[in-house]
Every structure is written in C-alpha cells, then in structure tokens.
Amino acid sequence: MAAPPDMGSSSALSLELLPTDPLLLILSFLDYRDLVSCCYLNRRLNQLSSHDPLWKRHCKKYWLISEEEKSRRNQSWKAIFISTYSDLGRYIHYYATLKKAWDDLVKYLGQWCPRMIGSLKESVKEEDLDAVEAQIRCKLPDDYRCSFRIHNGQKLVVPGLMGSMALSNHYRSEDLLDIDTAAGGFQQRLGLKQCLPLTFCIHTGLSQYMALESVEGRNKYEIFYQCPDQMARNPSTIVMFITGTSYLEWFTSYVNKVVTGGYPIIRDQIFRYVHDKECVATTGDITVSVSTSFLPELSSVHPPHYFFTYRIRIEMSKDALPEKTCQLDSRYWRITDAKGDVEEVQGPGVVGEFPIISPGRVYEYTSCTKFSTTSGYMEGYYTFHCLYYKDRFFNVTIPRFHMVCPTFKVSTA
C-alpha cells in the first residue's frame, strides 16, 4: 500500500490560494454576525466579506429593503445594512415581522378602510421611547418599542384600528394608543400595578393592558382586558381576560386575521366577529352562516355572566329561480350551556324584521346572548313562506355555533 502524502505545512492548502467564487458561496450562507467576524480574521476574508451582494440577503431578510429603496438611497447593500443596524439593531429579531405586518395592514386599509389610514401616526425616535421609560420608571419590551419605531399608534378617533363592535344600544371601537397617551394611562394602582394600556375605546372606556412586570398574578408582557370582580370585598380585585402573551404575538395575529378577511368590513370599519368556516348550513337555495364575538365589557366572572354577540348571514343562491323568493316568518333557537342546560326560544321574525330573500340577495343581522357558564352553543331554524306559492312553508337550518370565553385569571392584588 502506498504511503499517504505528506500533509506538512509546506503543502497545506492556504486560504490565499482558494479561488474567490467558492469562498463567496460559503460566505453567502453565513449570518450577518459571522460575516462581520470574518472581517477580522485576515485581509482576504475582510475583502471578500465586504462583497456587496453578500449583504443584499441580510438587508432584505432583516430590514425588508427593496431594490427600489436601495436605488433611492443610493448606497451599497452593506452601507444600508450598517446604517439601519446602527438605528434599529436592538430590534433585529422583531423588525421584519412587525414591518411586514404594518405594511400589510396599511395596504389592506387603503383598499377597504381608507379613512383609517389618516389616523395613523408617524414613527417615534429612540429618545422618545427612552423618555417614556424614564417617565413610567419601567422598561418597555423590545417588540413594543419596535412597533412604535414604525408607527406611533393612532389618533384618538373613530373608527379604531383595533376593531369595532356594535349592537342596537352598544358600540365599541378600540384605538391603538400612541406612546405618549399610553404612558399617561400607565397604572400603579392595586389590581393594575405596572400595567400599560395598549388600546382605548372612547365610548366604553375599555382598554387592553400589557403587564410590564410579573406582579399581582400576571405574567410579564401578558395582554388582557380588565373586568371588575363585583363579588370581591377588595374593590381593587379584577379579573383579566387574556388576549395575548406578548405584543408581537398579539399585534401580528390580529393583523393576520384582518388582512386574510377573517374579520368583516362593515361601514368602513373592522368588526371583530370570528367566523368558523365549518359553521355554514345550506337548505335548498338558502345558505346560513354565523360569526361570533365575546364582549368583555359586558361580561363578569363573579357573578358569572358571559356576554356574546353573533352575526347571521342569510343568502339565496344567485342561480335560484325567481319563484323561490321567500319571506322569513319566525325563528326557533335551542340554546345549550356548558352544564347541558337547554333553553328554547321561538318568536316572529328576527330583530323585529321579516326580511324577503330573493336570488342573489344577502340579509345580515346582529343579535346577542349570555351564558352563566364560560361557553355554550346555539342552533335552530328559520321558517319561511314562499311569495309565489303563498301556502308553502319550509324550515331553513341554522348551523350549530359555539361561543367560548377567553382564558381568564383573577388578580392577586
């Protein structure tokens, strides 16, 4: 067997002898930190790691810089990355996700709710956020700070960016607070100690709060609606309906629901009704679908009183024959709570109306119900009569739809 070749230093493969293209390919797989580290290893790697196309991927991945923006700024990819990092570097793990969410939301609003765009405020600077931290004597989470480096929330207007809800005698529309208004509402009182408001409704006074510290039974950065405990001896005792575990999760999940059509747009507003795609029933040419929403401002845990609203959509196929035109006469509901207790309700029309349904026509209405348990469901049918054959009556199925209260916990104040 032949002896192995001598691998001494005289024949070792030198980095200087390696061709450029394979080295650039290897460097293209490195993250920005490793790419920077290569600058300090030797002269050749310093030269190669400054190869501008290597920084294009990082600019797009972390800062969402487009070719058009690069041309506008008239800088190299590396220079853009470095200058952006010097300003936003502490947010590098959040910025792309939040910037995309904001961009998607603004684009969607431009198409469906254009007047809401005018209520958005421009970004704030690092020193503004630092000043707020000094004012409230508490650190803000980086994902929250990052969002306000993109948009400083919203003016106190209607409609609110964070969704609306309307019943016959009740209206809610939540604004996303700007940083100064949020700081002004920072809480130090028992029950809401070290909690920062994220949203506010000027009609109901309702806010969603974010806990900046793990106190009074809350997890740090948890987001919740507050609800007074009406049966507690201590007036500072509150119940918290949890809506998010971090600002990033809370904001991006809401935006995703909006831009994917998960919430209906009604009168140029985002209405926070959740629709289960399986909650649809078709009887002949008529389809009934349901979406629901929980109303924390009208609910209570002690005593147990959970308030829900639901929106019904009744539609006749556009391909139906004209003689299928009919009118709704009455409704029947079977309402079941989590204990299995059943209530049956019958009555004329819906919300005082007797709508006529014809081919291609849609009728929608909103109503509400309450449970003494944290969940329940409803199902039933409508009775219609044909306008062409006046003695012909038939029932249309309302699909079973469930309503579930969000997770909640009681403050330990």
Quick one: angle between helix 77-88 and the longest Cα principal axis of the chain, in degrees between 0 and 90, rounded to 10, please.
60
Scale the Cα Rg of region 273-406 by the rule-of-thumb value 2.2 N^0.38 Å and send over the ratio, two decimals.
1.12
Length added when fully stretched, ALA96-TYR365, from 0.36 nm per residue minus Cα-Cα:
92.9 nm
Amide N proximity, region 305-320 versus THR260 label position 7 Å along Cα-to-Cβ, cut-off under 12 Å:
none
Bins of 10 Å, starting at 0 and running to the largest distance - Cα pair percent for the chain
4, 17, 22, 19, 15, 11, 7, 4, 2, 1, 0
Filtered hits (lysines, Cα-Cα < 16 Å from LYS277, offset >= 8 within chain) -> LYS257
Treating the beta-carbon of each Lys and Arg as +1 and of each Asp and Glu as -1, no other charges, what is the dipole magnitude of region 96-260 about its Cα centre, to the nearest 20 debye?
300
Name the lysines eligible as straight-distance cross-link partners of LYS56: C-alpha to C-alpha under 17 Å, and not fewer than 8 places from it in the same chain.
LYS70, LYS78
With angles folded into 0 to 90 degrees, how steeply does helix 247-259 sit against the dominant principal axis of the chain? Use alpha carbons for both and round to 10.
60
Per-residue counts of other Cβ atoms within 10 Å, averaged by peptide: what ranking do you get for 194-201, 160-167, 214-221, 83-90, highest first?
194-201, 160-167, 214-221, 83-90
Given the pairs LYS220/LYS409; LYS60/LYS121; LYS61/LYS99, which span a C-alpha to C-alpha distance of over 18 angstrom in this model?
LYS60/LYS121
Extension gain (nm, one decimal) between LYS60 and ASP128, 0.36 nm per residue minus Cα-Cα:
21.8 nm
With VAL345 itself left out, Lys, Arg at +1 and Asp, Glu at -1 over residues whose Cβ is under 14 Å from its Cβ give -2
Would you calculate, for the chain, the mean residue ellipticity at 222 nm contributed by helices, counting each DSSP H stretch of 4 or more residues as -39,500 (n - 2.57) and dividing by all residues, to the nearest 500?
-7500 deg cm²/dmol
Calc'd 3J(HN,Hα), region 96-113, phi into Karplus 6.51 cos²θ - 1.76 cosθ + 1.60 (θ = phi - 60°), Hz, glycine/Pro = x, comes to 4, 5, 6, 5, 5, 4, 5, 4, 5, 5, 4, 4, 5, 4, x, 8, 10, 9
As straight-line cross-link partners of LYS193, the qualifying aspartates and glutamates (C-alpha separation under 17 Å, not fewer than 8 residues apart within one chain) are GLU133, GLU213, GLU216, GLU222, ASP229
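Might you report the magnitude of the Cβ-based charge dipole of the chain about its Cα centre, with Lys and Arg at +1 and Asp and Glu at -1, to the nearest 20 debye?
280
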Over region 96-260, what per residue volume does the convex hull of the Cα atoms give, in whole Å³?
118
Reference-scaled alpha-carbon Rg (2.2 N^0.38 Å with N residues) for region 31-70:
1.27
Amide H of ASP178: which non-local residues (sequence gap of 5 or more, or other chain) have their own amide H closer than 5 Å, using H built in the peptide plane?
GLN154
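Could you sort the peptides 49-57, 108-116, 337-345 by per-residue average Cβ neighbour count (10 Å cutoff), highest mean leading?
Details: 49-57: 16.8, 108-116: 15.2, 337-345: 11.8.
Packing proxy ranking, top to bottom: 49-57, 108-116, 337-345.
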Roughly how many Å² is the accessible area per residue of the chain, as a whole number, for a 1.4 Å probe?
51
For region 21-90, compute the orientation-averaged projected area of the C-alpha convex hull (one quarter of its surface), in nm².
4.8
Once label points are set 7 Å from the Cα along Cα→Cβ at both LEU321 and CYS138, what is their separation, rounded to one decimal in nm?
6.7
Fully extended, how many nm does the chain gain between ILE202 and GLU69 (0.36 nm per residue separation, minus their Cα-Cα distance)?
44.0 nm
Per the 1/(1 + (r/R0)^6) rule, R0 = 30 Å and r from the Cβ atoms of GLN230 and VAL342, FRET efficiency to 0.05 is 0.65
Each residue of region 342-357 in order: what ³J(HN,Hα) in whole Hz does its phi give by Karplus 6.51 cos²θ - 1.76 cosθ + 1.60, θ = phi - 60°, with x for Gly and Pro?
10, 10, 10, 10, 10, x, x, x, 9, 6, x, 10, 10, x, 9, 10
In whole percent, and with a 1.4 Å probe on the protein chains, what portion of the accessible area of the chain is carbon and sulfur?
52
Run the quick spin-label model on SER214 and TYR40: label points 7 Å from Cα toward the beta carbon, then report their separation in nm to one decimal.
3.4
Relative packing of peptides 18-31, 285-298, 386-399 - highest average C-beta neighbours within 10 Å first:
285-298, 386-399, 18-31
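The values are calculated or read from the model by the stated rules, or taken from the named source; none is laboratory data. This structure is a prediction, so every number in the text was calculated from the model and none was measured. A quick note on method: Cβ atoms are made from the backbone with ideal geometry, for glycine too, and the neighbour counts reach across all protein chains shown. Surface areas here come from the heavy atoms of the whole protein model, side chains and all, with no ligands, DNA or RNA. Shrake-Rupley method; radii C 1.70, N 1.55, O 1.52, S 1.80 Å.
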